[in-house]
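Below you'll find the structure, written out as structure tokens, and then a few comments.
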Amino acid sequence: METETFDAIIVGAGMAGATVAGHLAPERRVALVEAEEAAGYHATGRSAAMYILNYGPPDVRALTGFSRDFFDLPPPGFTDHPLMRRRPVVFLAPQEQRAALDRMLSDVPGLRPITIAEVADMVPALRPDYALAAAIEEDDFDIDVAALHQGFLAMLRAHRGVLALRSRAARIVRRAGSWHVDTASGAVFRATVLVNAAGAWGDEVARIADVAPLGLTPCRRTGVIIDPAPFVPADWPLVNDVGQSWYARPEARTRLMVSPADETPMDPQDVQPDELDIALAIDRMQQALAIPVRRVERSWAGLRTFTPDRSLAIGWDRTAEGFFWCVGQGGYGIQTAPAAGRLVADLIAGRDPRPASHVLEAIDPRRFTSIAN
Ligand SMILES: Cc1cc2nc3c(=O)[nH]c(=O)nc-3n(C[C@H](O)[C@H](O)[C@H](O)COP(=O)(O)OP(=O)(O)OC[C@H]3O[C@@H](n4cnc5c(N)ncnc54)[C@H](O)[C@@H]3O)c2cc1C
């Protein structure tokens, strides 16, 4: 099979890879290679689709904030409907989480106290004895993940980029100043730059390329869909406890997604939900909300992949020339994606990635090389 030459090969067509591909395509010829037959089959297609500004470590909060303009005003033709819809987040504090709520209220800008009666007005299923106090973050949103992901893939195609599906990168070698990627489909790609956006498989892709792994940990998280009738939750906020041991958010107009906020370390795989986590999701939600659950309509699990310090890992590898990391998106890979993709394109083009320059040190993958070897 003939080798096709590009400026950059991106491995993994989830949100990370698609976003980088879309931002890079206008100035570089890009090949986006994806193992599965559909882009977004893994973590990207399994998220809770939320934009929560005050979530995750400081670098994540910064990139989430820098993404806001893109979500509000995407480029012309990117999508024909809004990428975000307002969905406040309510934090409930049972007795033992009261002190933690007070700390959150003093540390987190944009969070304000709200009475239990006000929460009950918004969420009539709330059990009056569950929480002693509560807080609300108003400026949060549902994200249209499919529109965002497809918009970036369309940007790639509009600039003559290639999306190669069913093309697991099986052999990756650096030869004569270029990366050569042999894929399971038989196609071979060559480029001076290789971007590792393989999500849970990030360390595996590095090993295939003979690059030291970072020590990534994929963690399973479970989602459960129920019918909360007689309640109609369409306009409810996302509700969770301060300790983040469960959350519930409306799904479509009439359903509720519930999660036990699980975080079970796993090997990279097509992860499936565990019965115990499904039961925990329902049990924890029912301690707070008086919702009868006659049956679970659907459940799924996805992998949230963390670096050892839970900040992102975006930047050039310390030793492998032309090897660029874009991994460790954890539970924030959708809400950070527009700014993270822009940042990667800037770094590859050798530009100052303003306004994100000040997070570069926190997300530099070279901070891990010494501990992962
Ligand atoms: C239940 C749940 C709730 C979440 N909620 C939110 C939320 O509300 N907001 C938010 O911002 N984030 C959320 N997340 C996190 C978010 O989904 C992830 O951070 C994001 O999708 C990661 O995108 P990715 O492209 O890095 O990974 P993925 O979408 O997993 O993409 C990686 C791709 O690489 C491919 N690949 C792997 N190895 C190879 C190879 N050798 N060759 C070719 N392709 C390869 C895989 O097939 C995969 O498609 C949630 C995640 C879960 C599971």
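Annotations for the structure displayed:
- Working from label points 7 Å from Cα in the Cα-to-Cβ sense, the ARG207 to ASP139 distance is 4.3 nm.
- By the count of other C-beta atoms within 10 Å, a proxy for reagent exposure, HIS180, HIS42 are ordered fewest to most as HIS180, HIS42.
- Of HIS23, HIS149, the sequence from fewest to most neighbouring Cβ atoms within 10 angstrom is HIS149, HIS23.
- Unit Cα scatterers, Debye sum, the chain: log10 I(q)/I(0) for q = 0.08, 0.09, 0.14 Å⁻¹: -0.41, -0.52, -1.16
- Kirkwood Rh and Cα Rg combined as Rg over Rh, evaluated for the stretch 230-363: 1.08
- Relative exposure of TYR55, TYR247, judged by other C-beta atoms within 10 Å (fewest first): TYR55, TYR247
- Calculated [222 nm] ellipticity per residue, helices only, for the chain: -7500 deg cm²/dmol; basis is -39500 (n - 2.57) per DSSP H run with n ≥ 4, divided by all residues, nearest 500.
- The stretch 10-104 - convex hull of the alpha-carbon atoms, volume per residue in Å³: 155 Å³
- Distance cut-off 16 Å, percentage of C-alpha pairs in the stretch 102-147 lying past it: 52 percent
- Of the residues PHE78, LEU63, GLY45, the one whose Cα sits farthest toward the positive end of the charge dipole of the stretch 44-90, with +1 on the Cβ of Lys and Arg and -1 on the Cβ of Asp and Glu, is GLY45.
- Label zone at MET122, where the point sits 7 Å out along the Cα-to-Cβ direction: the stretch 260-278 residues whose backbone N lies under 14 Å: none
Bear in mind that the values in this text are calculations on the coordinates, not laboratory data. All figures in this text were calculated on a predicted structure; none of them were measured in a lab. In this analysis, Cβ positions are derived from the backbone assuming ideal geometry, glycine residues included, and neighbour counts consider all displayed protein chains.
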